[in-house]
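**Student:** I am attaching a structure below and will ask some questions about it afterwards.
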Amino acid sequence: MSLLKEIRKLSLLSIGLAAISFAPTPANAVPVDTPAGTCVGADDSGGAGVDCVTTTGHMSASVVSTLSINEIRAVSFGNMATPCGGGACTTGDGDIILNAATGARTQTGLTTDTIVMLHGADANDGAAGNAGNANSGGQAPGVYRVSAGAEGAATQVYIAFADNAGNFVDYSGENFYTANDTNIHLIGPAAAYFTAQDFTIDCTGAASDVYGHYCDNTTLPLDVKVGATLKTVVGQTYGAGKYVATYNVMVSY
Amino acid sequence: MQTLIWRYLLPTLFLVTIPFAAHANQIYELRSLDFGAFAVTQPGGARRIVIDPTGAQTTPDGGLVIFKNGHNSIFRISQLNPATLFYITIDPSSVVHSSTTPEFEVDTFTFDPPNDIGNMIHTDPDASLTIRIGATLHIEAGETHTPGPYRGTFTFLINY
(Lines give C-alpha, C1' and ligand atoms only; values in the text may rest on other atoms or scores of the structure.)
Protein backbone atom coordinates (compact mmCIF):
# COMPACT_ATOMS: atom_id res chain seq x y z
CA MET A 1 0.00 0.00 0.00
CA SER A 2 2.87 2.32 0.85
CA LEU A 3 4.38 1.48 -2.52
CA LEU A 4 1.17 2.55 -4.16
CA LYS A 5 1.41 5.86 -2.33
CA GLU A 6 4.96 6.35 -3.60
CA ILE A 7 3.86 5.68 -7.14
CA ARG A 8 1.08 8.21 -6.79
CA LYS A 9 3.58 10.78 -5.52
CA LEU A 10 5.85 10.12 -8.48
CA SER A 11 2.96 10.33 -10.87
CA LEU A 12 1.78 13.64 -9.47
CA LEU A 13 5.32 14.97 -9.57
CA SER A 14 5.66 13.89 -13.18
CA ILE A 15 2.37 15.44 -14.10
CA GLY A 16 3.55 18.63 -12.47
CA LEU A 17 6.73 18.55 -14.53
CA ALA A 18 4.72 17.86 -17.63
CA ALA A 19 2.52 20.83 -16.89
CA ILE A 20 5.57 23.02 -16.54
CA SER A 21 6.98 21.81 -19.80
CA PHE A 22 3.73 22.62 -21.60
CA ALA A 23 3.56 26.08 -20.23
CA PRO A 24 4.12 28.56 -23.06
CA THR A 25 7.70 29.38 -23.72
CA PRO A 26 8.35 32.79 -22.26
CA ALA A 27 6.97 35.15 -24.84
CA ASN A 28 9.27 37.64 -26.50
CA ALA A 29 12.32 35.98 -25.19
CA VAL A 30 15.26 38.29 -25.02
CA PRO A 31 17.36 37.85 -28.15
CA VAL A 32 20.84 36.67 -27.66
CA ASP A 33 23.88 38.27 -29.08
CA THR A 34 25.14 36.23 -31.97
CA PRO A 35 26.47 38.89 -34.33
CA ALA A 36 23.99 39.90 -37.00
CA GLY A 37 24.54 38.13 -40.26
CA THR A 38 26.59 35.33 -38.82
CA CYS A 39 26.12 32.04 -37.15
CA VAL A 40 29.73 31.77 -36.20
CA GLY A 41 30.49 30.71 -32.70
CA ALA A 42 28.27 29.63 -29.89
CA ASP A 43 25.66 31.60 -28.08
CA ASP A 44 27.57 33.81 -25.67
CA SER A 45 24.53 35.19 -23.93
CA GLY A 46 24.95 32.86 -21.05
CA GLY A 47 22.27 30.54 -22.32
CA ALA A 48 22.79 27.08 -23.59
CA GLY A 49 22.98 26.08 -27.21
CA VAL A 50 23.11 28.12 -30.36
CA ASP A 51 20.84 31.03 -31.12
CA CYS A 52 20.81 31.02 -34.87
CA VAL A 53 20.31 28.69 -37.75
CA THR A 54 21.11 28.93 -41.46
CA THR A 55 20.01 27.41 -44.68
CA THR A 56 20.81 27.90 -48.34
CA GLY A 57 18.40 29.67 -50.64
CA HIS A 58 18.53 29.43 -54.39
CA MET A 59 18.05 32.08 -57.06
CA SER A 60 18.11 32.22 -60.82
CA ALA A 61 17.88 34.49 -63.83
CA SER A 62 17.80 33.91 -67.55
CA VAL A 63 19.34 36.22 -70.10
CA VAL A 64 17.63 36.17 -73.47
CA SER A 65 19.38 37.31 -76.58
CA THR A 66 18.00 40.05 -78.80
CA LEU A 67 18.37 40.57 -82.49
CA SER A 68 20.64 43.38 -83.49
CA ILE A 69 21.35 44.91 -86.87
CA ASN A 70 24.19 47.24 -87.66
CA GLU A 71 25.14 49.15 -90.75
CA ILE A 72 28.34 47.95 -92.37
CA ARG A 73 27.96 50.07 -95.50
CA ALA A 74 25.45 52.72 -96.49
CA VAL A 75 23.45 52.59 -99.69
CA SER A 76 25.14 54.69 -102.37
CA PHE A 77 23.63 55.44 -105.77
CA GLY A 78 26.97 56.61 -107.14
CA ASN A 79 27.88 59.47 -109.38
CA MET A 80 25.59 61.21 -111.86
CA ALA A 81 25.50 64.37 -113.93
CA THR A 82 23.21 67.16 -112.82
CA PRO A 83 19.71 65.76 -113.42
CA CYS A 84 17.17 67.40 -115.73
CA GLY A 85 19.90 69.29 -117.53
CA GLY A 86 20.47 71.51 -114.54
CA GLY A 87 16.94 72.87 -114.64
CA ALA A 88 13.87 72.07 -112.63
CA CYS A 89 12.63 68.51 -113.03
CA THR A 90 9.11 68.28 -114.37
CA THR A 91 7.82 64.72 -114.10
CA GLY A 92 9.74 63.00 -111.30
CA ASP A 93 10.43 59.96 -113.42
CA GLY A 94 14.20 60.18 -113.51
CA ASP A 95 15.68 57.28 -111.60
CA ILE A 96 18.64 55.12 -110.71
CA ILE A 97 17.80 51.56 -109.70
CA LEU A 98 20.50 50.02 -107.53
CA ASN A 99 20.56 46.23 -107.56
CA ALA A 100 21.02 44.81 -104.05
CA ALA A 101 22.80 41.65 -105.12
CA THR A 102 25.20 42.94 -107.77
CA GLY A 103 25.42 46.66 -107.11
CA ALA A 104 24.72 47.31 -110.78
CA ARG A 105 22.83 50.48 -111.67
CA THR A 106 20.02 50.56 -114.21
CA GLN A 107 17.35 53.03 -115.25
CA THR A 108 13.72 52.66 -116.19
CA GLY A 109 14.44 54.48 -119.41
CA LEU A 110 11.99 57.36 -119.18
CA THR A 111 13.58 60.43 -120.66
CA THR A 112 11.71 63.46 -119.44
CA ASP A 113 13.68 63.87 -116.24
CA THR A 114 17.07 62.73 -117.39
CA ILE A 115 19.78 61.38 -115.14
CA VAL A 116 23.10 60.65 -116.80
CA MET A 117 24.98 58.14 -114.72
CA LEU A 118 28.71 58.85 -114.55
CA HIS A 119 31.32 56.18 -114.28
CA GLY A 120 35.02 55.79 -114.50
CA ALA A 121 36.14 56.50 -118.05
CA ASP A 122 39.17 54.29 -117.64
CA ALA A 123 37.56 51.59 -115.53
CA ASN A 124 38.38 48.05 -116.60
CA ASP A 125 35.31 45.89 -116.66
CA GLY A 126 37.36 42.80 -117.49
CA ALA A 127 35.74 42.36 -120.83
CA ALA A 128 36.44 45.31 -123.06
CA GLY A 129 39.61 46.74 -121.70
CA ASN A 130 39.47 50.34 -120.60
CA ALA A 131 36.27 51.10 -122.37
CA GLY A 132 34.57 52.41 -119.32
CA ASN A 133 32.18 50.51 -117.17
CA ALA A 134 28.73 51.74 -116.28
CA ASN A 135 28.98 49.89 -112.99
CA SER A 136 32.04 51.80 -111.86
CA GLY A 137 30.19 54.87 -110.76
CA GLY A 138 31.08 54.68 -107.11
CA GLN A 139 27.79 53.08 -106.18
CA ALA A 140 27.35 50.38 -103.51
CA PRO A 141 24.46 48.45 -102.07
CA GLY A 142 23.92 48.87 -98.38
CA VAL A 143 25.19 46.07 -96.15
CA TYR A 144 23.56 45.43 -92.78
CA ARG A 145 24.80 42.78 -90.36
CA VAL A 146 22.31 40.84 -88.24
CA SER A 147 23.87 39.32 -85.15
CA ALA A 148 22.83 37.47 -82.02
CA GLY A 149 19.32 36.28 -81.60
CA ALA A 150 19.48 32.70 -82.89
CA GLU A 151 16.74 32.12 -80.43
CA GLY A 152 14.93 28.86 -80.06
CA ALA A 153 14.06 27.28 -83.34
CA ALA A 154 13.85 30.57 -85.25
CA THR A 155 15.62 30.28 -88.60
CA GLN A 156 14.21 33.29 -90.39
CA VAL A 157 14.54 36.99 -89.80
CA TYR A 158 12.32 39.47 -91.58
CA ILE A 159 13.73 42.69 -92.97
CA ALA A 160 11.59 45.78 -93.33
CA PHE A 161 12.14 49.48 -93.94
CA ALA A 162 10.70 52.69 -92.56
CA ASP A 163 11.23 56.40 -92.84
CA ASN A 164 12.69 58.45 -90.01
CA ALA A 165 9.29 58.83 -88.43
CA GLY A 166 8.88 55.07 -88.31
CA ASN A 167 6.39 54.91 -91.16
CA PHE A 168 6.62 51.66 -93.07
CA VAL A 169 7.77 51.98 -96.69
CA ASP A 170 7.21 49.42 -99.42
CA TYR A 171 9.49 46.91 -100.96
CA SER A 172 10.02 47.19 -104.66
CA GLY A 173 6.93 46.02 -106.52
CA GLU A 174 4.61 46.40 -103.54
CA ASN A 175 2.11 49.18 -103.07
CA PHE A 176 0.80 48.66 -99.57
CA TYR A 177 1.96 51.98 -98.14
CA THR A 178 2.32 54.22 -101.15
CA ALA A 179 1.60 57.34 -99.09
CA ASN A 180 4.89 56.78 -97.28
CA ASP A 181 6.98 55.79 -100.24
CA THR A 182 8.31 59.26 -100.98
CA ASN A 183 9.13 60.10 -97.37
CA ILE A 184 12.86 59.32 -97.48
CA HIS A 185 14.60 62.39 -98.85
CA LEU A 186 18.23 62.57 -99.93
CA ILE A 187 18.90 66.24 -99.26
CA GLY A 188 21.70 68.16 -100.90
CA PRO A 189 22.68 71.75 -101.84
CA ALA A 190 19.95 74.37 -101.46
CA ALA A 191 17.76 71.76 -99.79
CA ALA A 192 17.03 70.08 -103.11
CA TYR A 193 16.20 66.45 -102.65
CA PHE A 194 15.71 63.09 -104.32
CA THR A 195 13.58 60.32 -102.88
CA ALA A 196 14.72 56.77 -102.13
CA GLN A 197 12.08 54.07 -102.39
CA ASP A 198 11.33 50.56 -103.63
CA PHE A 199 13.83 48.80 -101.38
CA THR A 200 15.13 45.34 -102.18
CA ILE A 201 17.26 42.86 -100.24
CA ASP A 202 19.73 40.13 -101.03
CA CYS A 203 20.81 37.63 -98.40
CA THR A 204 21.19 33.93 -97.64
CA GLY A 205 17.86 32.22 -98.15
CA ALA A 206 16.11 35.40 -99.28
CA ALA A 207 12.43 34.75 -99.83
CA SER A 208 9.01 36.14 -99.04
CA ASP A 209 5.88 34.89 -97.37
CA VAL A 210 2.75 36.38 -95.92
CA TYR A 211 4.77 37.88 -93.07
CA GLY A 212 7.19 39.75 -95.31
CA HIS A 213 10.64 39.39 -96.78
CA TYR A 214 13.08 37.25 -94.86
CA CYS A 215 16.59 35.83 -94.74
CA ASP A 216 17.89 32.58 -93.28
CA ASN A 217 19.62 33.33 -90.00
CA THR A 218 20.70 29.79 -89.22
CA THR A 219 24.28 30.98 -89.43
CA LEU A 220 25.12 34.25 -87.75
CA PRO A 221 26.23 36.88 -88.37
CA LEU A 222 24.02 37.37 -91.39
CA ASP A 223 24.82 40.11 -93.92
CA VAL A 224 21.83 41.63 -95.69
CA LYS A 225 22.50 43.67 -98.83
CA VAL A 226 20.05 46.45 -99.58
CA GLY A 227 19.21 48.09 -102.88
CA ALA A 228 16.74 50.85 -103.68
CA THR A 229 15.61 53.26 -106.34
CA LEU A 230 16.55 56.94 -106.40
CA LYS A 231 14.01 59.21 -108.06
CA THR A 232 13.87 62.83 -109.09
CA VAL A 233 11.15 65.05 -107.65
CA VAL A 234 8.93 67.40 -109.59
CA GLY A 235 10.04 71.02 -109.22
CA GLN A 236 13.46 70.25 -107.77
CA THR A 237 16.58 71.78 -109.28
CA TYR A 238 19.68 69.83 -108.41
CA GLY A 239 23.02 71.48 -107.93
CA ALA A 240 26.31 69.64 -107.83
CA GLY A 241 27.05 68.15 -104.47
CA LYS A 242 26.36 65.34 -102.09
CA TYR A 243 22.83 64.21 -101.29
CA VAL A 244 22.29 62.17 -98.12
CA ALA A 245 19.48 60.66 -96.12
CA THR A 246 18.87 58.27 -93.29
CA TYR A 247 16.19 55.62 -92.96
CA ASN A 248 15.33 52.71 -90.71
CA VAL A 249 16.17 49.09 -91.38
CA MET A 250 14.22 46.75 -89.11
CA VAL A 251 14.83 43.11 -88.33
CA SER A 252 12.42 40.83 -86.55
CA TYR A 253 11.51 37.17 -86.13
CA MET B 1 1.76 -3.33 -9.34
CA GLN B 2 3.26 -3.52 -12.83
CA THR B 3 -0.09 -2.51 -14.23
CA LEU B 4 -0.10 0.63 -12.13
CA ILE B 5 3.40 1.57 -13.25
CA TRP B 6 2.52 1.15 -16.94
CA ARG B 7 -0.75 2.99 -16.53
CA TYR B 8 0.48 6.11 -14.66
CA LEU B 9 4.20 6.52 -14.48
CA LEU B 10 5.51 5.82 -17.97
CA PRO B 11 2.97 7.99 -19.83
CA THR B 12 3.77 10.97 -17.65
CA LEU B 13 7.49 10.52 -18.26
CA PHE B 14 6.86 10.70 -21.99
CA LEU B 15 4.79 13.80 -21.51
CA VAL B 16 7.76 15.36 -19.81
CA THR B 17 10.35 14.44 -22.41
CA ILE B 18 8.59 14.94 -25.76
CA PRO B 19 8.19 18.73 -25.66
CA PHE B 20 11.87 19.35 -25.09
CA ALA B 21 12.89 17.00 -27.86
CA ALA B 22 10.81 19.04 -30.32
CA HIS B 23 13.03 22.11 -30.14
CA ALA B 24 15.04 21.24 -33.29
CA ASN B 25 14.23 24.22 -35.50
CA GLN B 26 13.80 23.69 -39.23
CA ILE B 27 13.90 25.96 -42.29
CA TYR B 28 12.52 24.81 -45.60
CA GLU B 29 12.92 26.59 -48.93
CA LEU B 30 9.51 26.24 -50.52
CA ARG B 31 10.34 28.27 -53.61
CA SER B 32 13.53 29.72 -55.02
CA LEU B 33 14.02 33.36 -55.98
CA ASP B 34 13.76 33.95 -59.74
CA PHE B 35 14.44 37.16 -61.64
CA GLY B 36 12.76 35.86 -64.77
CA ALA B 37 13.94 35.90 -68.37
CA PHE B 38 15.00 39.22 -69.80
CA ALA B 39 17.00 40.91 -72.52
CA VAL B 40 18.98 44.12 -72.28
CA THR B 41 17.64 46.32 -75.05
CA GLN B 42 19.56 49.46 -74.18
CA PRO B 43 23.06 48.31 -73.25
CA GLY B 44 25.57 50.53 -71.58
CA GLY B 45 23.81 51.83 -68.51
CA ALA B 46 23.33 50.26 -65.12
CA ARG B 47 20.05 48.33 -64.88
CA ARG B 48 18.13 46.71 -62.05
CA ILE B 49 15.47 44.07 -61.70
CA VAL B 50 13.62 44.28 -58.41
CA ILE B 51 11.50 41.47 -57.01
CA ASP B 52 9.60 42.58 -53.94
CA PRO B 53 8.61 40.14 -51.18
CA THR B 54 5.08 39.85 -52.54
CA GLY B 55 6.47 38.74 -55.89
CA ALA B 56 5.92 41.93 -57.88
CA GLN B 57 8.66 42.66 -60.40
CA THR B 58 9.87 46.09 -61.55
CA THR B 59 12.70 47.47 -63.69
CA PRO B 60 13.25 50.95 -62.25
CA ASP B 61 16.01 51.87 -64.72
CA GLY B 62 14.27 50.65 -67.88
CA GLY B 63 16.44 49.39 -70.73
CA LEU B 64 15.19 45.82 -70.31
CA VAL B 65 12.50 43.69 -71.83
CA ILE B 66 11.05 41.04 -69.54
CA PHE B 67 10.08 37.91 -71.44
CA LYS B 68 9.07 35.90 -68.39
CA ASN B 69 8.32 37.33 -64.97
CA GLY B 70 10.27 36.19 -61.98
CA HIS B 71 8.95 35.47 -58.50
CA ASN B 72 9.81 35.81 -54.84
CA SER B 73 11.35 33.17 -52.63
CA ILE B 74 9.37 31.50 -49.85
CA PHE B 75 10.78 29.89 -46.74
CA ARG B 76 8.91 28.03 -44.03
CA ILE B 77 10.32 28.12 -40.53
CA SER B 78 9.06 25.55 -38.08
CA GLN B 79 9.74 23.89 -34.77
CA LEU B 80 10.91 26.98 -32.99
CA ASN B 81 9.03 27.58 -29.78
CA PRO B 82 5.78 29.51 -30.15
CA ALA B 83 6.23 33.29 -30.03
CA THR B 84 9.99 33.06 -30.40
CA LEU B 85 11.42 36.40 -31.41
CA PHE B 86 13.88 36.35 -34.29
CA TYR B 87 15.16 38.30 -37.26
CA ILE B 88 16.61 37.35 -40.61
CA THR B 89 19.79 38.32 -42.37
CA ILE B 90 21.26 37.32 -45.73
CA ASP B 91 24.92 36.76 -46.40
CA PRO B 92 25.95 39.93 -48.32
CA SER B 93 28.20 38.02 -50.70
CA SER B 94 25.28 36.37 -52.49
CA VAL B 95 25.46 36.56 -56.29
CA VAL B 96 23.83 34.84 -59.23
CA HIS B 97 26.50 32.75 -60.89
CA SER B 98 27.05 31.45 -64.36
CA SER B 99 29.72 29.49 -66.11
CA THR B 100 30.92 32.70 -67.70
CA THR B 101 31.67 36.14 -66.40
CA PRO B 102 30.48 38.68 -65.62
CA GLU B 103 28.09 37.51 -62.95
CA PHE B 104 25.14 39.40 -61.60
CA GLU B 105 25.23 40.95 -58.18
CA VAL B 106 22.18 40.54 -56.00
CA ASP B 107 21.53 42.60 -52.92
CA THR B 108 18.85 44.57 -51.05
CA PHE B 109 17.03 41.52 -49.80
CA THR B 110 13.62 42.39 -48.44
CA PHE B 111 11.25 40.35 -46.32
CA ASP B 112 7.58 39.85 -45.71
CA PRO B 113 6.92 40.22 -42.85
CA PRO B 114 9.55 42.95 -42.63
CA ASN B 115 12.14 42.50 -39.93
CA ASP B 116 15.58 43.42 -38.75
CA ILE B 117 17.48 43.44 -35.52
CA GLY B 118 15.45 46.39 -34.30
CA ASN B 119 12.16 45.05 -35.58
CA MET B 120 12.06 41.40 -34.69
CA ILE B 121 9.24 39.08 -35.61
CA HIS B 122 7.92 36.06 -33.80
CA THR B 123 6.68 32.66 -34.70
CA ASP B 124 3.00 31.83 -34.80
CA PRO B 125 1.30 29.91 -31.98
CA ASP B 126 2.06 26.75 -33.91
CA ALA B 127 5.77 27.60 -33.66
CA SER B 128 6.18 28.29 -37.37
CA LEU B 129 6.19 31.18 -39.81
CA THR B 130 6.28 31.70 -43.56
CA ILE B 131 8.80 34.25 -44.82
CA ARG B 132 8.69 35.74 -48.31
CA ILE B 133 11.85 37.22 -49.75
CA GLY B 134 12.59 39.64 -52.57
CA ALA B 135 15.86 41.13 -53.80
CA THR B 136 17.46 43.33 -56.44
CA LEU B 137 19.55 42.01 -59.32
CA HIS B 138 22.11 44.44 -60.78
CA ILE B 139 23.36 44.69 -64.33
CA GLU B 140 26.44 46.81 -64.07
CA ALA B 141 27.08 49.58 -66.60
CA GLY B 142 29.13 48.39 -69.53
CA GLU B 143 28.78 44.70 -68.78
CA THR B 144 27.54 42.28 -71.40
CA HIS B 145 26.00 39.02 -70.23
CA THR B 146 26.02 35.94 -72.39
CA PRO B 147 22.51 34.61 -73.04
CA GLY B 148 21.64 31.60 -70.95
CA PRO B 149 20.71 30.53 -67.45
CA TYR B 150 22.33 32.00 -64.36
CA ARG B 151 22.14 30.30 -60.98
CA GLY B 152 23.15 31.33 -57.51
CA THR B 153 22.64 30.70 -53.85
CA PHE B 154 22.35 32.81 -50.79
CA THR B 155 22.72 32.04 -47.12
CA PHE B 156 19.60 32.64 -45.09
CA LEU B 157 20.24 33.16 -41.37
CA ILE B 158 17.77 33.28 -38.53
CA ASN B 159 18.96 34.88 -35.35
CA TYR B 160 16.76 34.34 -32.33
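**Student:** Hey, among the residues in segment B:57-70 that are more than 10 Å from chain A (Cβ to nearest Cβ) and open to solvent by 50 Å² or more (accessible area, probe 1.4 Å), which one's modelled with the lowest pLDDT?
**Tutor:** Taking the candidates together, the pick is B:69.
**Student:** Then there's this: Quick one: count up the residues across segment B:110-132 that are of a type in the set (A, V, I, L, M, F, W, C) and over 13 Å from residue B:87 (Cα atoms).
**Tutor:** 1
**Student:** Identify, from the list A:127, A:150, the residue that is in a loop (DSSP other than H, G, I, E, B), open to solvent by less than 70 Å² (accessible area, probe 1.4 Å) and at pLDDT below 75.
**Tutor:** Checking each option against the conditions leaves just A:150.
**Student:** Can you list the strands (runs of 3 or more DSSP E) found entirely within segment A:187-253 that contain at least 3 residues being of a type in the set (Ser, Thr, Tyr) and closer than 19 Å to residue A:164 by Cα?
**Tutor:** Once the strands (runs of 3 or more DSSP E) in segment A:187-253 are filtered for at least 3 residues that are of a type in the set (Ser, Thr, Tyr) and closer than 19 Å to residue A:164 by Cα, what remains is A:193-202.
**Student:** Just the residues that are open to solvent by less than 60 Å² (accessible area, probe 1.4 Å) and more than 9 Å from chain A (Cβ to nearest Cβ), please, taken from segment B:25-45.
**Tutor:** Within segment B:25-45, B:44, B:45 meet the criteria.
**Student:** Quick check on segment B:133-154. Is at least one of its residues among the basic types (Lys, Arg), in contact with a Phe, Trp or Tyr (Cβ under 9 Å, 6 or more places away or on another chain), open to solvent by 70 Å² or more (accessible area, probe 1.4 Å) and part of a strand (DSSP E or B)?
**Tutor:** Looking through segment B:133-154, none of the residues is among the basic types (Lys, Arg), in contact with a Phe, Trp or Tyr (Cβ under 9 Å, 6 or more places away or on another chain), open to solvent by 70 Å² or more (accessible area, probe 1.4 Å) and part of a strand (DSSP E or B).
The values are calculated or read from the model by the stated rules, or taken from the named source; none is laboratory data. Small disclaimer: the values here were computed from a predicted structure and weren't measured. No Cβ is skipped: glycine too gets one built from the backbone with ideal geometry, and neighbour counts run over all protein chains shown. Accessible surface is based on the protein model in full, side chains and every heavy atom, while ligands, DNA and RNA are left aside. Shrake-Rupley method; radii C 1.70, N 1.55, O 1.52, S 1.80 Å.
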